[in-house]
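Here's the structure, in structure tokens; my notes come after.
No lab work stands behind these numbers, since they all come straight from the coordinates. Keep in mind it's a predicted model, so treat the numbers as computed, not measured. Glycine gets a Cβ as well: all are built from the backbone with ideal geometry, and neighbour counts include every protein chain shown.
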Amino acid sequence: MSTRLVIGPFNRVEGDLEVRLTLDNQQVSRAEVVSPLYRGFEQILLGRAPLDALTIAPRVCGICSVSQSIAAAAALRQAADITPPANGIHALNLLQAAENLADHLTHSFVFFLPDFAQDFYRSHRWHDFAVAAYKANQGRRSAAMIRLRARILHLIGQLAGKWPHSLAIQPGGTTSTADTGSKVRLLSILSDVRRGLEEQVFSAPLEQIQALSTPDALAAYQAADAPESCDFRFFLHLCTALNLSGLGACTAPPLSFGAYADPDGTRLFPAGQGFPPTSIALFSLTEDLGSSWMDGPPQPPWESHNRPNPHKDNAYSWSKAPRLAGKPHQTGAWARQVIAGHPLLRAQGWSQGSSVASRVMARFLEMAALIPAMEQWARAIRPHQAFYTDAPLPSDAVGIGLTEAARGALGHWLAIRQNRLTQYQIIAPTTWNFSPRDQAGVPGPLEQALHGLALPADVTPSRALAVQHIVRSFDPCMACTVH
Amino acid sequence: MAALGAEDKGLAAILDDFGLDLLWHPGLSESTGDTCLALLDAILARRQPLDILCIEGALMMGHDGSGAIHRFAGLGLPVIELARQLSAVARHVVAIGSCAAFGGIPAANSASTGATGLHYHGSHRGAGLLPSSWHDPSGLPVINVVGCAPHPGWISETLASLALGDLGRQDLDDFGRPRFFADHLAHHGCGRNEFYEFKASAQAIHQRGCLMENLGCKATQAVGDCSLRQWNGGGSCTNAGTPCIACTMPGFEDPVAPFQETAKVAGIPVGLPVDMPKAWFLALAALSKSATPERVRQNATSHHITIPPARPPARRHED
């Protein structure tokens with residue numbers, strides 16, 4: 001007998017989300033991921049001066065704001081055909097990485113770990129620790145990480161004036177500069193963040209976490225101290241205790257647009273798609289509207305225009321369904337790191353796809369990798385040299401800005417005619433991960449990850465914790481998804 | 001999410017400090033699905049008191065006034081309907097951010113989405129979701145904690161002031177904005193103040209001069225103590241070299257000129273300081289421009305300070 005389970009409002013994700021499950025014999029036989037809000041940001045940009053995108057596009061989101069600015073500036077930069085000076089590149093990288101780190105902390109300590117403090121798990125030995133450490137709005141260790149997150153944002157305060165939403169991120173570099181004193185303050189913020197991560201999160205030097213390259217090395221690190229010694233060990237303990245690596249398998253191929261280019265163009269995390277990674281076949285990218293409340297055939301983002309239709313038959317989401325060569329792709333820290341060649345994540349059987357465990361673990365590993373890179377960028381700043389170069393825009397041009405938000409691949413596509421924007425399309429990371437079915441009926445990555453999940457007979461939405469772990473492991477941003 | 005950085009310790013910790021019990025927040029609370037819906041039922045049936053209702057985001061009246069383009073997940077009810085119902089049972093209603101206050105950026109496309117504010121549409125009270133005459137049981141209008149994003153301190157201090165019983169009608173300005181931040185202009189405390197005084201203007205966005213004359217800065221017209229209290233450990237838009245876009249003001253989403261350009265008529269900026277007579281402004285600007293020290297003039301168009309402050313060398317007395 002089929003039963004329906006509708007989960008909403010879905011808490012501790014960014015923005016509005018509803019998940020509808022059809023259960024047959026206590027197993028999910030169909031999952032529908034619903035974005036119940038339409039925002040219409042792209043039309044707001046049409047007809048405006050091109051640089052207005054720098055003000056409007058980041059306001060798509062209160063959590064991926066810097067990434068949206070980076071993508072908009074990159075698209076305009078391509079249209080202007082210039083390269084920022086080295087200082088500007090370092091500053092842009094620092095801003096993006098700071099937001100990425102802050103988002104990873106928010107995800108781990110505000111969105112994901114509080115689920116293990118729920119009453120549902122009270123019979124487990126580790127539950128008391130989880131409650132004291134991570135209970136929503138009360139956990140002591142989460143509170144400490146919210147303070148550390150605020151400290152990370154000081155870097156954005158200093159280099160961009162404020163978070164979220166800053167115009168300091170420009171095609172030509174940054175409007176802000178750093179003198180010899182403020183360079184020291186940047187490094188001092190990074191020292192605080194390194195200390196916080198090393199003391200509370202990893203109980204080890206970040207370089208030791210970066211060097212974990214095999215499952216054996218990870219097991220040895222895990223066994224070296226009690227689960228309660230640090231957040232990462234406790235998470236690894238949860239993975240074992242609850243078999244999180246067997247939960248929420250997603251086999252969609254990974255996609256990363258790459259991020260953090262050096263002045264010589266080399267990226268800290270290179271771009272790619274699939275197993276093994278190849279260069280991205282951007283020409284095969286389409287946005288499918290098969291199950292979206294929008295009219296029109298699948299179209300590439302440089303041609304598509306939004307025609308909302310809330311009465312469309314068989315549609316169930318305001319999200320579009322982006323596809324590469326007709327296929328859904330998963331994106332996020334796990335995809336970014338396996339494409340960048342992280343040895344541990346690759347050694348864990350990456351060709352079989354991701355799980356709740358690997359998607360969340362990739363965020364911890366990425367935090368350990370980002371701080372040393374940020375320290376290098378901050379040290380590379382030359383206080384008396386320029387952070388910005390003039391970037392005059394031609395009256396007619398096109399531009400693509402591809403980058404990585406914390407939660408995955410982010411792209412902006414724009415066209416300029418007679419000094420006005422005539423096209424603007426954004427494809428956000430969660431649009432990939434939480435896409436509805438396409439016109440061929442192929443479900444999106446989250447819908448696939450929920451398929452086949454077994455749930456207890458008496459399950460209620462609030463007690464469907466496995467569903468919540470799977471959904472939150474993607475770190476969705478619904479606000480961006482339905483811009 | 002701005003509030004998660006409030007006072008560097010987060011919204012939940014601050015609410016706790018002031019005895020406020022956070023009933024539900026979509027990004028922070030534990031409950032999902034049925035437990036949250038049961039809480040909403042209890043509030044609407046007045047079994048659970050609701051002291052402060054905070055609404056974030058523009059209210060979406062589309063499609064055709066139905067609110068169908070924004071349904072509350074799990075309930076199917078248009079969010080505008082839920083907002084109306086909750087506003088009727090709350091002791092105070094607070095709009096968090098310029099979207100919820102005035103419509104904000106989404107209101108630039110209100111023709112398609114019906115995006116509007118809770119009490120205002122742009123500067124028109126009563127043209128948003130709630131009628132002009134709406135007030136809470138204590139007589140207060142919707143309290144508008146404006147900004148895009150609002151400063152985390154504006155949010156936490158407004159909520160804490162309500163808990164302390166300190167926020168009365170006289171503490172709100174004409175747009176329902178708490179005066180503790182709205183009595184200031186974003187210009188106050190701007191680190192580029194000397195450039196402003198001498199009308200030593202930046203010509204391009206990365207230069208150190210005043211951003212008002214050429215680069216669209218509206219800090220002398222926009223309320224907010226941004227540069228006085230500062231953001232994220234010590235920043236502000238203008239101090240980072242970016243023009244104020246007046247995000248605390250109704251209608252900021254549709255400026256006369258592009259955001260990074262100053263609208264001018266016959267070479268004179270259209271948007272002069274909020275309460276300064278135009279003739280005086282022009283006279284003083286001309287005077288101060290003629291008195292600008294070379295240091296200020298040159299630094300205004302440089303990306304770093306090139307001339308440090310120093311007295312000119314003393315003239316030697318020749319006998």
Practice prompt. Using θ = phi - 60° and the Karplus relation 6.51 cos²θ - 1.76 cosθ + 1.60, list the HN-Hα couplings for the range A:202-207 in order, rounded to whole Hz, with x at every Gly or Pro.
Written response: 10, 6, 6, x, 4, 5
Practice prompt. Compute the separation of the alpha-carbon centres of the range A:406-483 and the range A:164-202 and state it in Å as a whole number.
Written response: 30
Fill in: Förster radius 25 Å - calculated FRET efficiency between A:Met1 and B:Leu44, Cβ distance, rounded to 0.05
0.15
Discussion item. Between A:Gln352 and A:Thr83, what's the calculated FRET efficiency when r is the beta-carbon distance and R0 is 45 Å? Round to 0.05.
Written reply: 0.70
Worksheet entry | Protection proxy ranking, peptides B:189-201, A:305-317, A:331-343, average beta carbon neighbours within 10 Å, highest first | A:331-343, B:189-201, A:305-317
Response to the item:
A student applying the Cα gyration tensor rule (rounded when a/c is under 1.5; otherwise prolate if a/b is larger than b/c, oblate if not) would label the range B:195-319 prolate
Worksheet item: Hey, how many Å between the Cα centroid of the range A:98-130 and the Cα centroid of the range A:319-356?
Response: 23
Practice prompt. Identify which of B:Val265, B:Val223, B:Val94 has the largest mean-square fluctuation in a Gaussian network model of chain B, with springs joining Cα atoms closer than 10 Å.
Written response: B:Val265
Practice prompt. Could you work out the relative contact order of the range A:2-481, using alpha carbon pairs under 8 angstrom and six or more residues apart, expressed as a whole percent?
Written response: 25
Item to complete: Kindly state, to the nearest 0.05, the FRET efficiency for A:Glu207 paired with B:Phe281, given R0 = 51 Å and r defined as their beta-carbon distance.
Response: 0.30
Worksheet entry | Cut-off under 5 Å, modelled amide H: who pairs with B:Leu129 long-range | B:Gly117, B:Leu118, B:His119, B:Tyr120
Fill in: Listed residues B:Gly267, B:Gly104, B:Gly241, most fluctuating in chain B (Gaussian network, C-alpha, under 10 Å)
B:Gly267
Worksheet entry | Potential lengthening between B:Ala204 and B:Asp17 on full extension [0.36 nm per residue; Cα-Cα distance subtracted] | 62.8 nm
Practice prompt. Using just the helices of the protein assembly as shown, give the 222 nm mean residue ellipticity in deg cm²/dmol: DSSP H runs with n ≥ 4 each add -39,500 (n - 2.57), and the total is spread over all residues, rounded to 500.
Written response: -9500 deg cm²/dmol
Item to complete: With viscosity set to 0.890 mPa s and temperature to 25 °C, compute the Stokes-Einstein D of chain A, Rh being the Kirkwood radius across alpha carbon pairs; µm²/s, no decimals.
Response: 108
Worksheet entry | Using θ = phi - 60° and Karplus 6.51 cos²θ - 1.76 cosθ + 1.60, couplings along the range A:252-260 (whole Hz; Gly, Pro as x) | 4, x, x, 9, 9, 7, x, 7, 6
Worksheet entry | Overall Cα dimensions of the range B:9-73, principal axis frame, Å, largest first | 43, 28, 21
Worksheet entry | Rg to Rh, two decimals, where the range A:116-174 supplies the alpha carbon set and Rh follows Kirkwood | 1.30
Discussion item. Modelling each spin label as a point 7 Å along the Cα-to-Cβ direction, I'd like the B:Ile307/A:Arg125 distance in nm, to one decimal.
Written reply: 7.4
Worksheet item: Under the Karplus relation 6.51 cos²θ - 1.76 cosθ + 1.60, θ = phi - 60°, what is the ordered set of whole-Hz ³J(HN,Hα) values for the range A:404-415, x standing for Gly and Pro?
Response: 10, 7, 3, 9, x, 5, 10, x, 10, 10, 9, 9
Worksheet item: Could you give the distance between the Cα centres of the range A:208-260 and the range B:216-256, to the whole Å?
Response: 43
Worksheet item: Under a 5 Å amide H to amide H cut-off, with H placed in plane at 1.01 Å, what residues pair with A:Arg267 once short-range neighbours are removed?
Response: A:Asp262
Worksheet item: Between B:Arg297 and B:Ser133, what length in nm is gained on full extension when 0.36 nm per residue of separation is reduced by their alpha carbon distance?
Response: 53.9 nm
Item to complete: Using Cα pairs closer than 8 Å and at least 6 residues apart in sequence, work out the relative contact order for chain B, in percent.
Response: 14
Worksheet item: Straight-line reach from B:Lys9: which aspartates and glutamates have a Cα under 12 Å away, not including same-chain ones fewer than 8 places off?
Response: B:Asp17
